[in-house]
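Contents: one structure, followed by commentary.
The values are calculated or read from the model by the stated rules, or taken from the named source; none is laboratory data. Quick caveat, the model's predicted, so the values are computed rather than measured. Please note: Cβ atoms are built from the backbone with ideal geometry, for glycine as well, and neighbour counts cover all protein chains shown.
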Amino acid sequence: MTDAYVVGVDMIKFGRFPEKSVPDIGAESALMALDDCGLGIQDMEALYCGNLGQASGMVGQRILQQIGQTGITVVNVSNACATGATAFREAWASVKAGLYDIVIAVGVEQMGKGLLGGAGGATGIPKEGLLGSGTMPAVFAEAGMEHARKYGTTFEQFAKVSVKNHHHSTMNPKAMYQIETPLETVMNAEMISYPNTKLMCSVNVDGSAAAVIASERKAKELGLMGRAVKVRASVMTSDRWQERDLVMPDVNTCTREAAAKAYEMAGLGPDDIDLVELHDCFATAEILHYENLGLCGDGEAGRVIDEGEVALGGRIPVNVSGGLLSKGHPLGATGIANIYEVSTHLRGEAGERQVEGARIGMTHVIGLGSACGIHILERA
């Protein structure tokens, strides 16, 4: 099998665009990624599109109607918050297997406002209001309190995640919000689901991101290896059955299994990673994933945030983009937006927020329900 490389990647500035359609937003980032490597849609052999919210589907084909219908294969995927990562992985796999030499992956979403989750289409006795809550703030609040009970993690430590990520966002012009939020401001914000205040919850936004993936032969043929980023590992997992899942989701296990498989595939360990973009849908989630990804030992996440190890300039910077807490979380786009952020650092093009000397980076998303996607990228 051939090695596969990201040769073009970009994302739009996340925000709210009620005047645009989902294909409009997706087409914008697709053109940006193509421009990044000096190619056009006529050079692509397939398009993989991730979108969660469009019930009519076929978003990939509708994007091509905007930028050029060339008759290529189009695959549309939907996989909760891991939707963009899934589209990227399917694109990577098609190149890795030798089916295509060069393809494009697009993730796009147009979000409403308010809570995600809840009763949904479930049948039988509803959990909502009887056995807790299935809304996302409540699920991740429960997970955070479970960590607090086991390891003594404090409200202040959870809040420091938001302080860090909002600070990082001030250096990212593509983030929805670019504001400082001092610790007292975060802790005194409206309580959504303890210990997550409003400033500790990810932002529902519209957005898209895209990546062009090529085989090593094709990248060399096109003269694109200079800025290419090698995909060292691509892993997708789902949850194993547990009795607890009947009442309370497990937000940890599929990440731990995906991380172990990704490190094995890449032939690397956590100490080899220079930066991470992980799924901080809530501040509590980021704390959990420090441990789930092996960035520190179990029970050490509170110390890691206290000592600044995961801040820009620290031992292992996490969510230098501002993360989902600031950049925003358009579900179908997040996985590829994370690829963009890490690739930008590996290329040395991240400007003020550049992680100096970055050679290897990791991206992580988790779709509750369940799906976890992890990619390990390396500067070519």
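Once region 22-56 is narrowed to residues that are crowded, with 23+ Cβ neighbours inside 10 Å and of a type in the set (Ser, Thr, Tyr), the residue that is nearest to GLN110 (Cα to Cα) is SER29.
Only one of the numbered conditions (1) surrounded by fewer than 22 Cβ atoms within 10 Å (Cβ to Cβ); (2) among the basic types (Lys, Arg); (3) modelled with pLDDT of 90 or more; (4) under 28 Å from VAL22 (Cα atoms) is not met by ARG89, and that is (1).
Residues in region 156-193 that are touching a helix residue (DSSP H, G or I) at 6+ places or on another chain (Cβ under 6 Å), among the hydroxyl-bearing types (Ser, Thr, Tyr) and not in a helix (DSSP H, G or I): TYR177, THR181, SER193.
The residue that is surrounded by the fewest Cβ atoms within 10 Å (Cβ to Cβ), counting only those in region 167-195 that are over 22 Å from LEU275 (Cα atoms) and of a type in the set (Gly, Ala, Ser), is ALA189. ARG217 satisfies every condition listed in (1) farther than 26 Å from LEU52 by Cβ; (2) in contact with a Leu (Cβ under 9 Å, 6 or more places away or on another chain) except (2).
Considering LYS164, LYS198, LYS150, the condition of being buried (at least 16 other Cβ atoms within 10 Å of the Cβ) and either among the hydroxyl-bearing types (Ser, Thr, Tyr) or modelled with pLDDT of 95 or more (or both) is satisfied by LYS164 alone. For first residues located in region 294-316 and under 14 Å from ALA159 (Cα atoms), partners that are surrounded by fewer than 20 Cβ atoms within 10 Å (Cβ to Cβ) and lie 6+ apart or on another chain with Cβ distances below 6 Å form the pairs VAL304/CYS296; GLY308/GLY314. Among the residues examined, ARG359 qualifies as over 14 Å from HIS168 (Cβ atoms) and either touching a residue at least 60 places away in the same chain (Cβ under 8 Å) or of a type in the set (Phe, Trp, Tyr) (or both).
Residues of region 68-106 being free of Cβ contacts under 8 Å to residues at least 12 places away in the same chain and small (Gly, Ala, Ser), which ones? Within region 68-106, just GLY71 meets the criteria.
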